[in-house]
Number of protein chains: 2
Amino acid sequence: MSNWYLQNGKDSDVVISSRIRLSRNLEKYPFTSRCTEKDFQEILNEIKEIVPSLGYGLKYIELKDIDDITKVSLVEKHVISPDFAMKENVKGAILVNDEENICMMLNEEDHIKLQVFSSGQELENLMNLAIEIDEKLGELVTYSYSKQFGFLNVSPTNVGTGCRASVMVHLPALSLTGNINKVLQIVNHFGMNVRGLYGEGTQSGGDVYQISNNQCLGLTEAEIIKSLKTITEKVIEQERLARKYLTKNPLELEDRVYRSYGILKYAARLGADECKKLLSDVKLGTDLGIIKELDDNKISKLNLYTKPGNLQKYLGKELDGYNRDIKRAEVAKQILE
Amino acid sequence: MSNWYLQNGKDSDVVISSRIRLSRNLEKYPFTSRCTEKDFQEILNEIKEIVPSLGYGLKYIELKDIDDITKVSLVEKHVISPDFAMKENVKGAILVNDEENICMMLNEEDHIKLQVFSSGQELENLMNLAIEIDEKLGELVTYSYSKQFGFLNVSPTNVGTGCRASVMVHLPALSLTGNINKVLQIVNHFGMNVRGLYGEGTQSGGDVYQISNNQCLGLTEAEIIKSLKTITEKVIEQERLARKYLTKNPLELEDRVYRSYGILKYAARLGADECKKLLSDVKLGTDLGIIKELDDNKISKLNLYTKPGNLQKYLGKELDGYNRDIKRAEVAKQILE
């Protein structure tokens, strides 16, 4: 399993993953909101053509050739956006490599959303990779670019560098100590967005939050990374302090995380939401060295394969909600054994 | 471990244990309510003297020589009554054998409460044993007896044979299906008492109930046994029907009993009441063959050593409530491993 989302990264006790997303548009086509079907098709054709020159092991796959379960599984891995997965009347495609750490969405909000991913906190390396791919791509196509504003994109907040950097953080101790909202407000005040598990407008599940820069204009990529990194380090610090505080009552914490472990291991059926909550406890317990039966790889697998889409993908069949709950419990048991 | 309460008996999926209790008084002393301290002492002296002749490996132990934890542990094993354990101003004693399946309480409500115990449903054999001991004892002391009424005892409901037969039953499925009260009412209508875990006035814990005859007068011992046995068999039948009904939804049942198993195995602290509820589920799961990790002996041990008194007895030290909860979880884990 070489996929990035099953690997361990820096500060992975708090930072689950990092992502850089660059929005780019092609000069010769209108923005997606004004594209005709023909435009969409030509955009895809143009990019499909340059795939071999671009390299990185990227493969071109059209949305229409991706089945629904795979789409959901890609959303769950954060490799494509929920909006993109649900597009029906737009010709979309992805360029993705086997490791799934590089994935471009074509004809999402912008013509190109170039994304690179890593487990843990890896913003600088990711930015270097994103810039490298972006420069190579920029030699193969002509971006919509203004000397005054920078890259021109659909959303005004994406104009400029078109760069969104984000980290996915696990903040169970801040939740347990009741300090989560205070910390997230501070993050907001520092010009960062805090969002749920699948980006804007989605709910946090299992104490996982996405923190990203909310400004693309007037800042260099390096500045964006620097400010996000600074804030992330503050959040890591606060979460670790909260964990330290919780370990002052080790018994209560042990009881909580091991009860969740016990239920996860022995339940005969598990709802998706309950499972996320249990996994949040179990990850916390493992990160604090309380739970000894697990490691980061197993935690990553548990997190991934208990999600509805990836569960079905893993089992290779479509399942209704009732049977997903049963199979989710079975798969959790398998991974725990 | 040859003690009766750790053994398996007949119908032990429903009937945890059986007990026969015979109330007897000595002719030459007043009833306990009118005994002087001297009377109490003389009663003890008289019975202590005949212990060697009585046999059965019985040992004479005075209440004042039993520490509080041991008293509680004996109550939890149903070997002595809660009232007797709490007597402070009365000279009391017990005659008990190593297996603890024979225990006489001296100067409880009556001068002598002869009790015999067995796991499972063993009323006839127990009655034979009780009668045998009673006859032997009757040759060594002179009982208070009336040709018209039979044995004369403190409580009018104990006059006659002075015989109380009881079974301790585990009725989790009747609870889950909501039929428990209906069944217990019927048991009442058939002239039986239904009581909580430690007899009259106590609450049921973990779906365990005591069923006993409420009439001693005008019935022979054989008749008492026969009617209790008939009622017990009806209760067993109803509980087994309810279990069969529950197994129509095997997943729900499996989920319930295995979640309880998981918590029991991994919790870092367990309150006494929660533990009883978990053990009720776990016993049900084991009896139905759903839980494969356990056997009846382990269930018996779990039931016994997680009770406050026996927990402390087992660990050989006094513990406050906070530490009992921690140690209860540890002992449960040990037995489960």
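Odds and ends about this structure:
- Remark on the range B:265-281: accessible area falls by at least 10 square angstrom from chain-alone to full-complex state for B:Lys265, B:Tyr266, B:Ala267, B:Ala268, B:Arg269, B:Glu274, probe 1.4 angstrom.
- Lysines whose Cα lies under 17 Å from that of A:Lys91, excluding same-chain neighbours fewer than 8 positions away: A:Lys38, A:Lys48, A:Lys59, A:Lys64, A:Lys71, A:Lys113
- Proportion of all alpha-carbon pairs of chain B beyond 29 Å (%): 40
- Dipole of chain B computed with +1 at Lys/Arg Cβ and -1 at Asp/Glu Cβ about the Cα centre; of B:Leu63, B:Thr177, B:Asn323, farthest Cα towards the positive end is B:Thr177.
- Residue-normalised accessible area of chain A, expressed per residue, 1.4 Å probe, Å²: 44
- Dipole moment magnitude, nearest 20 debye, the protein assembly as shown about Cα centre, only Lys, Arg, Asp, Glu C-beta charged: 540
- Against the main long axis of the alpha-carbon atoms of chain A, helix A:321-336 sits at an angle near 70°.
- For chain B, the carbon plus sulfur part of the accessible surface works out to 48%, probe radius 1.4 Å.
- Sorting B:Lys226, A:Lys91 by solvent-accessible area of protein heavy atoms yields B:Lys226, A:Lys91, largest first, with a 1.4 Å probe.
- For chain B, relative contact order (Cα pairs under 8 Å, six or more residues apart, normalised by length) works out to 20 percent.
- Rounded to the nearest whole angstrom, the semi-axes of the ellipsoid equivalent to the range B:250-336, taken from the Cα gyration tensor as √(5λ), stand at 24, 13, 9, largest first.
- Value of relative contact order over the range A:250-336, rounded to a whole percent, pairs C-alpha under 8 Å and six or more apart: 38
- Per-residue mean of foreign Cβ neighbours for A:116-124 is 0 (Cβ atoms of other chains, 10 Å radius).
- Counting, for every residue in A:250-257, the Cβ atoms of other protein chains within 10 Å of its Cβ and taking the mean gives 4.
- Considering only B:Asn45, B:Asn107, B:Thr32, the residue lying farthest towards the positive end of the dipole of the range B:28-168 is B:Thr32, judged by Cα position with unit charges set on Cβ.
- Take A:Glu99, move 7 Å from Cα toward the beta carbon, and the resulting point lies 7.1 nm from the same point in each other copy, nearest first.
- Residue of B:Lys38, B:Lys265, B:Lys301 that the Gaussian network model of chain B assigns the largest fluctuation, springs spanning Cα pairs under 10 Å: B:Lys38
- Chain A packed on chain B takes about 1800 Å² of accessible surface away from a 1.4 Å probe, both sides summed.
- Sorted from nearest, the other copies put their B:Pro30 label points 11.1 nm away, the label point being 7 Å from Cα in the direction of Cβ.
- Using just its DSSP H runs of length 4 or more, each adding -39500 (n - 2.57), chain A gives a mean residue ellipticity at 222 nm of -15000 deg cm²/dmol after division by all residues.
- Distance from the range A:206-224 to the range A:150-173 (C-alpha centre basis), Å: 5
- Among A:Gly162, A:Gly92, A:Gly271, residue whose mean-square fluctuation peaks in a GNM of chain A (springs only between Cα atoms under 10 Å): A:Gly271
- Counting, for every residue in B:321-329, the Cβ atoms of other protein chains within 10 Å of its Cβ and taking the mean gives 1.
- With Cα atoms, 0 to 90° folded angle of helix B:272-287 axis to chain B main axis: 70
- Farthest towards the positive end of the charge dipole of chain B, among the residues B:Tyr209, B:Ser17, B:Leu219, is the Cα of B:Tyr209, using unit charges on the Cβ of Lys, Arg, Asp and Glu.
- Centre separation in Å (Cα based) which lies between the range B:264-337 and the range B:50-73: 27
- Charge dipole (debye, nearest 20) of chain B; +1 at Cβ of Lys and Arg, -1 at Cβ of Asp and Glu: 740
- Selection of chymotrypsin sites (Phe, Trp or Tyr not before Pro), the range B:102-181, meeting DSSP coil and at most 15 other Cβ within 10 Å: B:Phe149
- Candidates B:Gln41, B:Gln148, B:Gln115: whichever shows maximal mean-square fluctuation once chain B is modelled as a Gaussian network with Cα springs under 10 Å: B:Gln148
- For the range B:250-336, size of Cβ-based charge dipole, Lys and Arg +1, Asp and Glu -1, in debye: 340
- Relative to the longest principal axis of the Cα atoms of chain B, the long axis of helix B:296-305 makes an angle of roughly 70 degrees.
- Spin-label model, B:Asn214 to A:Ala222: label points 7 Å out along the Cα-to-beta-carbon direction sit 9.0 nm apart.
- Closest-to-axis residue of chain B (Cβ criterion, axis taking B to A), whole Å: B:Gly262, 2
The values are calculated or read from the model by the stated rules, or taken from the named source; none is laboratory data. Please read all numbers here as calculations on a predicted model, not as lab measurements. Cβ sites come from the backbone with ideal geometry, for glycine too, and all protein chains shown count toward neighbours. Surface accessibility is based on the protein's heavy atoms, side chains included, excluding ligands, DNA and RNA. Shrake-Rupley method; radii C 1.70, N 1.55, O 1.52, S 1.80 Å.
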